[in-house]
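Data first, discussion second: the structure below is written as structure tokens.
Just so it is clear, none of the values below were taken in a lab; they were calculated from the coordinates. Keep in mind that this is a model prediction, so the values were computed, not measured. Glycine also receives a Cβ, built like all others from the backbone with ideal geometry; neighbour counts cover every protein chain displayed.
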Amino acid sequence: MEKIKWNSNLKNTLPLHIPTELIQANQEDNNVQKSNQDLQTQNSFNQEESFEASELLEQGIQQQQTGNFNAAIKSLQHSLALFQAYGNTQKQAKALSCLALVAYCSGDYKSVISYAQQCLSLAKDTQEERLQIQALSHLGNAYRHLKQYSEAVEHLQECLKIAQQLQDKRSEIAALNNLGLVFKALNNLSKAIEYQEKSLKLVREIQDNWGEEQILKNLGNAWYALTNYSKATKYYEDCIIVSRLLKNNRSSIQVLKSLGNAYYALGEYKKVIICYEERLQLAKDIQDSRTQEQSLGSLGVACEALGDYERAMSYYEERLRIAKAMKDRRSQDQARASLKTACYAMGDYARAMNYD
């Protein structure tokens, strides 16, 4: 078979070239009476090629899961072309849904829309409701990123409707949460919270800790944006409990920062220190120098707010040491400025000169 070069550019939503042999394999030959041997050979060919298409589809899914997006696009486009050649509409829709997901992970939202629209059309033709849910979800999220919020709401509400009809709680949870994100982007925070509270109730019913963690984080962010810091801390604290259970250090690091900021806004500086001390330790555990440097700066600020300048300076000194190791001139300058400010607050002007 002639080797086909598949375009891996994410903006080229469909491979344009389908191998001629595959098209011919699906056309009736009215000019030649095929023998039984010919039919057996052709059937064997079709089975082998169908197997190849399915293998490419699974390969593309695995490549997406490992973050190898360019390779995933190539595999999935090749798979899609083969399924098109056989007229396998269901598998075409699946390949298109996978392509939409890869494009979404790559941040190519226009291609997401192109793939997902084609997937949705095929899924409606074949009455594949679960694939419709996937396509509508991809479309809603892509439109949100492109700030086309009315289209995002329209597609996500349709997604929610089908999920509820199928009693598919996981898809319902995702649709509700994603609708919440759209309304948060629209600055309709009360509506965002309404959707995400419904999502949280369902996710707890099915005991999905990973989903619960994300929704709690989103709810905390929404209340924080409303400057209701007490409510925000409640959700962030619940989120941290789940993150610890899951041993999801990266998420814990993010949420501890938000929780610390909320406590700072409330003037609860001792709690700020507790949050950032835990964040600092987690950053050390995973050898994340940047997060260590940032956490040390925040710890210093909290100590200054309590009037504990000596302790603040110990954090700033450690921040300066890490910034030097990172060769981060800006952070070094900030750490020195913080050290000088602390020295001035204590009236130790001679010591401040050490940080010029």
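Within the chain, the selection of entire DSSP H helices by a Cα span of 18 Å or greater along the long axis and an average Kyte-Doolittle value of at least 0.5 returns 89-105.
Helical runs assigned H by DSSP (4 residues or longer) give the chain a calculated mean residue ellipticity at 222 nm of -26500 deg cm²/dmol, each run adding -39500 (n - 2.57) before division by the residue total. Expressed as a whole number of Å, what is the distance separating the alpha-carbon centroids of segment 307-356 and segment 208-224? Each part reduced to its Cα centre gives a spacing of 36 Å.
Normalised by the number of residues in the chain, the mean separation of alpha-carbon contacts (under 8 Å, six or more apart) gives a relative contact order of 7 percent. Packing around the peptides 345-354, 190-199, taken as the average count of other Cβ atoms within 10 Å per residue, puts them in this order, highest first: 190-199, 345-354. You can think of it this way: the chain between Q65 and S314 has 85.4 nm of extra reach, that is 0.36 nm per residue less the Cα-Cα gap. In summary, the lysines within cross-link reach of K94, defined as a Cα separation below 27 angstrom excluding same-chain residues under 8 places away, comprise K3, K5, K11, K74, K110, K124, K147, K161, K169. Checking (1) 175; (2) 144; (3) 206 against volume of the Cα convex hull per residue in Å³ calculated from these atoms, the matching label is (1). Ranked by the mean number of other Cβ atoms within 10 Å per residue, highest first, peptides 51-62, 93-104 order as 93-104, 51-62. Counting lysine pairs in segment 202-356 whose alpha carbons fall under 13 angstrom apart, excluding pairs fewer than 8 residues apart on the same chain, gives 4. From least to most packed, judged by other beta carbons within 10 angstrom and beginning with the fewest, Y115, Y86 follow the order Y86, Y115.
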